[in-house]
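Have a look at the structure below, then the notes.
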Amino acid sequence: MSDSIPQLQWLEWAKQIQAISQAGLAYSKDMYDLERFQMLRELSVEIVSRYTEVETEKVKALFANETGYATPKVDVRGVVFQDDRILLVRERVDGAWSLPGGWADIGLSPKEVAVKEVKEEAGLTVFPVRLMAVLDKKFHDHPPEAYHIYKIFILCEIGGGQAEAGMETLEVGFFGRDELPPLSLERNTPKQIQRLFEMRHSTEVWFD
């Protein structure tokens with residue numbers, strides 16, 4: 001591959017082709033155009049399948065299974081500090097640590113999602129204070145991702161409860177900025193956590 005082309009440019013191209021085909025299938029009325037958009041969707045699946053060596057049907061189910069206009073997915077994280085330490089949970093899925101959070105739920109606001117996720121994953125009752133960051137995952141040091149994802153970070157304060165693991169977590173802990181455990185890089189990066197420490201007492205909103 002040419003040095004002028006990023007190593008994972010194929011993934012960005014595949015995601016763009018998938019988004020174009022999904023919108024075309026949703027809004028086009030011409031039968032010939034619909035056929036072409038379906039071909040584009042199948043091409044995007046083939047690209048991902050070829051480069052990842054994941055079988056086509058599984059790629060279809062995970063990567064090309066939605067209808068309507070394609071929009072980014074939204075991941076919401078609750079940011080909770082206690083005595084200059086940040087709340088992290090150890091994920092059951094990979095054994096690494098992350099800010100409590102997850103996909104935004106239909107019917108809930110970002111603040112409500114943050115409160116819900118902290119309670120479910122860390123056992124704590126919190127109330128949201130302010131928005132800290134809205135980030136585009138592609139600009140940060142996360143592993144490659146099939147979806148285009150926005151990440152929302154909401155500062156929360158503890159109102160009650162007891163720190164304890166939930167169904168999706170193994171442990172709960174508070175960590176200083178110089179004692180962070182191995183992080184779940186799909187969910188948050190060391191640079192992001194360090195920046196959140198820096199922003200704790202400011203009114204800045206970090207956004208891409």
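Structure values in brief
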quantity	calculated
Qualifying residue in segment 105-126 (condition: under 16 Å from K73 (Cα atoms), at pLDDT 95 or above and either in a strand (DSSP E or B) or touching a Cys at 6+ places or on another chain (Cβ under 8 Å) (or both))	yes
Options V134, V126; residue that is farther than 15 Å from L185 by Cα, surrounded by fewer than 17 Cβ atoms within 10 Å (Cβ to Cβ) and of a type in the set (A, V, I, L, M)	V134
Any chance Q38 is surrounded by fewer than 15 Cβ atoms within 10 Å (Cβ to Cβ) and either in the same structural domain as S202 (by TED's automatic domain parsing) or in contact (Cβ under 8 Å) with a residue 60 or more places away in the chain (or both)	no
Condition met for S98 (closer than 17 Å to G176 by Cβ and of a type in the set (G, A, S))	yes
Qualifying residue in segment 42-59 (condition: aliphatic (A, V, I, L, M), more than 24 Å from the chain's Cα centre (by Cα) and outside any loop (DSSP other than H, G, I, E, B))	yes
From V93, V79, V74, V89, residue being hydrophobic (A, V, I, L, M, F, W, C), closer than 30 Å to T125 by Cβ and surrounded by fewer than 15 Cβ atoms within 10 Å (Cβ to Cβ)	V93
Where V76 falls short, out of the listed (1) part of a helix (DSSP H, G or I); (2) in contact with a Gly (Cβ under 6 Å, 6 or more places away or on another chain)	(1)
Criterion: touching a residue at least 60 places away in the same chain (Cβ under 8 Å) and not in a strand (DSSP E or B) - qualifying residue of R195, R130	R195
Residue in segment 145-162 that is assigned to a loop (DSSP other than H, G, I, E, B), touching a residue at least 60 places away in the same chain (Cβ under 8 Å), of a type in the set (A, V, I, L, M, F, W, C) and more than 20 Å from Q82 (Cβ to Cβ) present	yes
Long-range neighbours under 9 Å by Cβ, at least six apart or interchain, first residue on the phi > 0 side of the Ramachandran plot within segment 86-97, second of a type in the set (A, V, I, L, M, F, W, C) and at pLDDT 95 or above	G95/L170
Evaluation of P182 against (1) of a type outside the set (D, E, K, R); (2) surrounded by fewer than 17 Cβ atoms within 10 Å (Cβ to Cβ); (3) closer than 30 Å to E66 by Cβ (one fails), failing number	(3)
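The values are calculated or read from the model by the stated rules, or taken from the named source; none is laboratory data. Predicted model only: the values in this text are computed from it and were never measured. As a convention, Cβ positions derive from the backbone with ideal geometry for all residues, glycine included, and neighbour counts pool all protein chains shown.
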